[in-house]
Amino acid sequence: MRERAIAEYHELLASDEGLGAELFARLRGSMRARRLLYGEREIGVSLRPHLLERAQYERLRHASEMLAAAFERLSEAMTREPALMGRVGMSDLEVKYALVEPGYRCPAVTTRLDAFVRGAEVKFVEYNAENPSSLVDQAALNEVGFEVGAMRRFAERYRLRGFNPEAALLASLVETYGEWGGHGRVPNVAVVDWDGLPTRHEFELLRAYFAARGVPTIVCSPDELEYDGRTLRRGDFRVDLVYKRVIIHELLTLCGESHPLLRAYREGRVCLVNSFRCKPLHKKAAFELLTDEAAAGWLTAEESEVVGATVPWTRRFAERRTTRGGESVDLVEHVRQGRASFVLKPNDDYGGRGLVLGAAVDESAWDEAIAHALAGDYVVQEAVELHMETFPVYGADAWCLQPMYVDTNPFLFRGRVEGAMVRLSDSPVVNVTSGGGEAGLFVLEERLGN
């Protein structure tokens, strides 16, 4: 059904005489009005949403939730055996705060898996276990899409299912606050990150969404917080729950342990989401602890099966011996000789920075990448086979069908999936920070009529 639906959609576009500069300007204006921006750039680049069949989405949902459960088991193992945190590259200070009791069960309340979906196959390449971005984009991009006549006519032919990650986020924050000790009270929420970031638009949208539903919310930087030994505040605003968007290693490094937020957290005076316990799961080397043969003892049989089918072999990169496919290998030489099969990426960074695809560079550049990785903290991961899909991409006054790389990145809230971030790029490094764009998402439930 999916191939037929996409072909029909493109036919509707081809016959739509309203496609032109005026409509494209209106679409960009709608994105600006909804603050669908990364910095000053509109994030939407396609005239159609990403479409998945129901069975594809259900496979993605099931695999994501199984993997989230596997990560939760891994977190429990790390809390019992803190030496495991060293294996994924945690600093002593990060370990110290990961061992602070957060006051609730989930090591990571709101997360995102980065995935590629093709046919019946799902492959996960990263776990964004620190609070992920772009939660507000999906539903709003879907709304903007209905300004395209072809989209309105398409919706008359197919029953489409959309998602509301903002609602799932708010519900998960309120539930977590209750578990922490809120006892049914409505929390005062602070969305906390540095000033001047390109993601600031999202924070303001979340503030407005929460406030409209009776949850008082502010957006502030770490520098604005104060703590008197009992209450965390920003000015006159009492902060019960911090929706932490600042990156943990930046907070620890730049603010120090005397910072009001860190003091309030250590003393159990504020509910922090996600807690510092998410950090070892966010390290890309956590995938090693899932794909190592020894990991089977931490996981259920079903979790092990999902990991084996969906998670590429990953190792923290160093001069060492390890196993691949049951055989012992010299890791560096194995990676050097198998250049086209591997990706090198920083263990704890974001935005596609530092990522090197072996298949995209020559032997000399690969040797340089290996030397650079050995001098830093990197992982090597078995490369996932990428495929391009045709999307109707538009500019100032024209549109065309263009092959694009697309990833489908499910959001999880307390381990349950609600929708996904969809990114498009003409580069195999599919990332908005690196210049890519986004698309809406619908699940094709059924065709209406003939």
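The values are calculated or read from the model by the stated rules, or taken from the named source; none is laboratory data. Computed from a prediction, not measured in an experiment: that's the story for all the values here. Note that each Cβ is placed from the backbone with ideal geometry, even for glycine, and that neighbours are counted across all protein chains shown. The protein model used for the area step is the full one, side chains on, heavy atoms only, and it has no ligands, DNA or RNA in it. Shrake-Rupley method; radii C 1.70, N 1.55, O 1.52, S 1.80 Å.
Distant-in-sequence amide contacts of residue 158, defined by a placed amide H-H separation under 5 Å and a gap of 5 or more residues or a different chain, comprise 448.
Kindly provide the GluC sites (Glu not before Pro) of the stretch 350-429 that DSSP labels as loop, not H, G, I, E or B, and whose Cβ sees at most 11 other Cβ atoms within 10 Å. Before the final figure, lay out the partial values.
Working: sites: 363, 368, 382, 385, 389, 418; in loops: 385.
Sparse-neighbourhood loop GluC sites (Glu not before Pro): 385.
The simple Förster model, with R0 at 41 Å and r as the Cβ-Cβ distance, assigns residue 155 and residue 186 a FRET efficiency of 0.70. Rolling a 1.4 angstrom probe over the protein heavy atoms with all chains in place gives the stretch 164-284 an accessible area of 38 Å² per residue.
If R₀ is 25 angstrom, what is the calculated FRET efficiency for the pair residue 41 and residue 3, using the beta carbon separation as r and rounding to 0.05?
On the way: r = 31 Å, r/R0 = 1.26.
Once rounded, the FRET efficiency stands at 0.20.
Sequentially through the stretch 285-294, phi angles give Karplus couplings (6.51, -1.76, 1.60; θ = phi - 60°) of 5, 4, 5, 5, 5, 8, 9, 6, 4, 6 Hz, Gly and Pro residues having no value and appearing as x.
With 0.36 nm allotted per residue and the present C-alpha distance subtracted, the residue 257-residue 147 stretch has 34.6 nm of extension available.
Mind checking the full-extension length gain between residue 25 and residue 175? Use 0.36 nm per residue of separation minus the Cα-Cα distance, one decimal, nm. Could the numbers behind the result be given before it?
On the way: separation 150, 0.36 × 150 = 54.00 nm, distance 4.10 nm.
Working it through step by step, the gained length comes to 49.9 nm.
Close amide H pairs (under 5 Å, H built 1.01 Å from N) link residue 390 with 404, residues at least 5 positions away or on another chain.
If you model the stretch 332-430 as an ellipsoid using its alpha carbon gyration tensor, with each semi-axis the square root of five times an eigenvalue, the axes come out at 29, 20, 12 Å, biggest first. Please identify which residues in the stretch 262-287 have an amide N closer than 16 Å to a label point set 7 Å out from the Cα of residue 92, following the Cα→Cβ vector. No residue qualifies, since no backbone N sits under 16 Å from the label point.
Comparing Cα centroids, the stretch 249-276 and the stretch 1-71 end up 37 angstrom apart. Of the candidates 61, 159, 234, which one comes out as most mobile in a Gaussian network treatment of the chain with C-alpha springs shorter than 10 Å? So, out of 61, 159, 234, the one fluctuating most is 159. Applying a DSSP loop filter and a limit of 15 other Cβ atoms within 10 Å to the trypsin sites (Lys or Arg not before Pro) in the stretch 266-331 leaves 320. On the beta carbon distance between residue 349 and residue 17, with R0 = 60 Å, the FRET formula returns roughly 0.85.
A simple rule links phi to the HN-Hα coupling: the Karplus curve 6.51 cos²θ - 1.76 cosθ + 1.60 with θ = phi - 60°, which for the stretch 234-248 gives 10, x, 7, 8, 6, 9, 8, 9, 9, 8, 7, 9, 5, 6, 4 Hz, with x for Gly and Pro. Determine the percent antiparallel among the DSSP beta bridges restricted to the chain, to the nearest 5. That works out to approximately 75 percent antiparallel.
3J(HN,Hα) along the stretch 185-195: 6, 7, x, 7, 10, 10, 8, 10, 7, 5, 5 Hz, from the Karplus curve 6.51 cos²θ - 1.76 cosθ + 1.60 with θ = phi - 60°, whole Hz, x for Gly and Pro. What the Cα atoms of the chain give is an Rg and a Dmax of 22.4, 67 Å.
Between residue 426 and residue 195, the simple spin-label model (points 7 angstrom out along Cα→Cβ) gives 3.8 nm.
For residue 109, nonlocal amide neighbours, meaning residues 5 or more places apart or on other chains whose placed amide H falls under 5 Å from its own, are 275.
Relative contact order of the chain, taken over Cα pairs closer than 8 Å and 6 or more residues apart, is 26 percent.
Spin-label model, residue 99 to residue 398: label points 7 Å out along the Cα-to-beta-carbon direction sit 6.3 nm apart. Once neighbouring chains are kept in place and the probe is 1.4 Å, which whole percent of the accessible area of the chain is contributed by carbon and sulfur? With neighbouring chains kept in place, the figure for the chain is 48 percent.
Which residue fluctuates the most in the chain, going by a Gaussian network model with Cα springs under 10 Å, if the choices are 274, 131, 188? Maximum fluctuation in the GNM of the chain, among the listed residues, is at 188.
Between 256, 354, 178, the residue with the greatest mean-square fluctuation in the GNM of the chain (Cα pairs under 10 Å linked by springs) is 256. Under 15 Å from a label point set 7 Å out along the Cα-to-Cβ vector of residue 223, the amide N atoms of the stretch 186-204 belong to 193-197. Each stretch of four or more DSSP H residues adds -39500 (n - 2.57); spread over every residue of the chain, this sum gives -11000 deg cm²/dmol at 222 nm.
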